[in-house]
Amino acid sequence: MNVQIEESWKTHLEPEFEKDYFHKLTEFVRNEYLQQPIYPPGKLIFNAFNLCPFDKVKVVIIGQDPYHGPGQAHGLCFSVNDGVKFPPSLINIFKEIKEDIGTNPPSTGNLTRWAEQGVLLLNATLTVRAHQAGSHQNKGWEAFTDAAIRELANARENLVFILWGSYAQKKGAFIDRNKHLVLSSAHPSPLSAYNGFFGNKHFSRTNEYLKAHGKEEINW
């Protein structure tokens, strides 16, 4: 199958494209885009991969679903397009960055700048129907994104995996903690941020680990 995805990722994920589940997933997603508003726009489905080639990945942040409101999602978890109001989880992420390392919140919720520094902002499910959270779950995306995480965990060393909330923690359960740094805490959503997200210091801890392993720190 000719999947439009960055070349290094294409090489690593090639076996997935030939699997039965991926053929079914592709057919489902194609039909969905033809019938109703789906986010993100089709050309941005693989944006997380396209902005962050396989060998450039230093940090992986795992989200669940794309945002399902108009103009929000652009293929990076927790990120929104320029000019879009910050969602509550992103507000809390910026609050924790300020508390942790002193950096003031930016004027935009667009996290492309993180992706370009080596942060893979990966949702478990890469598409969603407008205004219907979770509508594309259990259609095959989770198997595909599991494969991406597994490839990174097996082929690379000294990466940082950031797992916020029980969903992300289950998804990253198989990662070898002796080979990578795995940071877990509550999710940044308003429902859980005060139960362990605030004060997790994941941003400074990530940079300390990267520095200790001779890698450039992330400018959060």
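The values are calculated or read from the model by the stated rules, or taken from the named source; none is laboratory data. Note that the structure is predicted; figures quoted are calculated from it, not measured. No Cβ is skipped: glycine too gets one built from the backbone with ideal geometry, and neighbour counts run over all protein chains shown. Accessible surface is based on the protein model in full, side chains and every heavy atom, while ligands, DNA and RNA are left aside. Shrake-Rupley method; radii C 1.70, N 1.55, O 1.52, S 1.80 Å.
May I ask you to list the trypsin sites (Lys or Arg not before Pro) in segment 29-74 that are in a DSSP loop and have at most 16 other Cβ atoms within 10 Å of their Cβ?
none
Going through the cross-link list LYS56/LYS139; LYS43/LYS171; LYS43/LYS139; LYS43/LYS85; LYS85/LYS211; LYS85/LYS170, which pairs have a Cα-Cα distance over 27 Å in this structure? Please list the in-between numbers first.
Values: LYS56/LYS139 29 Å; LYS43/LYS171 25 Å; LYS43/LYS139 19 Å; LYS43/LYS85 22 Å; LYS85/LYS211 33 Å; LYS85/LYS170 30 Å.
Where the Cα-Cα span goes over 27 Å, the pairs concerned are LYS56/LYS139; LYS85/LYS211; LYS85/LYS170.
Please give the per residue accessible area of the chain, computed with a probe of 1.4 Å over protein heavy atoms only, in Å².
On a per-residue basis, 46 Å².
Can you tell me, using C-alpha contacts under 8 Å and at least 6 residues apart, the relative contact order of the chain as a whole percent?
23
Towards the positive end of the charge dipole of the chain, with charges on Cβ (+1 Lys, Arg; -1 Asp, Glu), say which of TYR194, LEU90, ILE45 has the farthest Cα.
Checking the options against the dipole of the chain, the answer is TYR194.
For segment 75-171, what's the relative contact order in percent, using C-alpha pairs closer than 8 Å and at least 6 residues apart?
After rounding, I find 23 percent.
Stretch TYR21-TYR194 to full length: gain in nm at 0.36 nm per residue minus the Cα-Cα span?
58.4 nm
Multiplying the sequence separation of GLU217 and GLU14 by 0.36 nm and subtracting their Cα-Cα distance, what value in nm do you get?
Stretched out fully, the GLU217 to GLU14 stretch lengthens by 70.0 nm.
Spelling out what I want: for every residue of segment 12-21, take phi, set θ = phi - 60°, compute 6.51 cos²θ - 1.76 cosθ + 1.60 (Karplus), and round to whole Hz; glycine and proline get x.
These are the phi-based 3J(HN,Hα) values: 6, 9, 3, x, 5, 5, 9, 6, 4, 4 Hz.
Just subtract the alpha-carbon distance of ARG129 and SER166 from 0.36 nm times their residue separation and send over the number in nm, one decimal.
11.0 nm
Taking springs between alpha-carbon atoms closer than 10 angstrom, which of LEU51, LEU34, LEU13 fluctuates most in the Gaussian network model of the chain?
Ranking LEU51, LEU34, LEU13 by mean-square fluctuation puts LEU34 first.
Under a 10 Å cutoff between Cα atoms, tell me which one of GLY75, GLY102, GLY134 has the largest fluctuation in the Gaussian network model of the chain.
Ranking GLY75, GLY102, GLY134 by mean-square fluctuation puts GLY102 first.
Using a 1.4 angstrom probe on heavy atoms only, work out the carbon and sulfur share of the accessible area of the chain in %.
Ligands and nucleic acids excluded, carbon and sulfur give 50 percent.
Taking only Cα atoms and a 10 Å spring cutoff, compute GNM fluctuations for the chain and point out the largest among PHE86, PHE54, PHE17.
Maximum fluctuation in the GNM of the chain, among the listed residues, is at PHE17.
Pick out, in residue order, every one of the GluC sites (Glu not before Pro) in segment 86-160 that is DSSP loop and has at most 12 other C-beta atoms within 10 Å; say none if there are none.
Sites meeting the loop and neighbour criteria: GLU116, GLU157.
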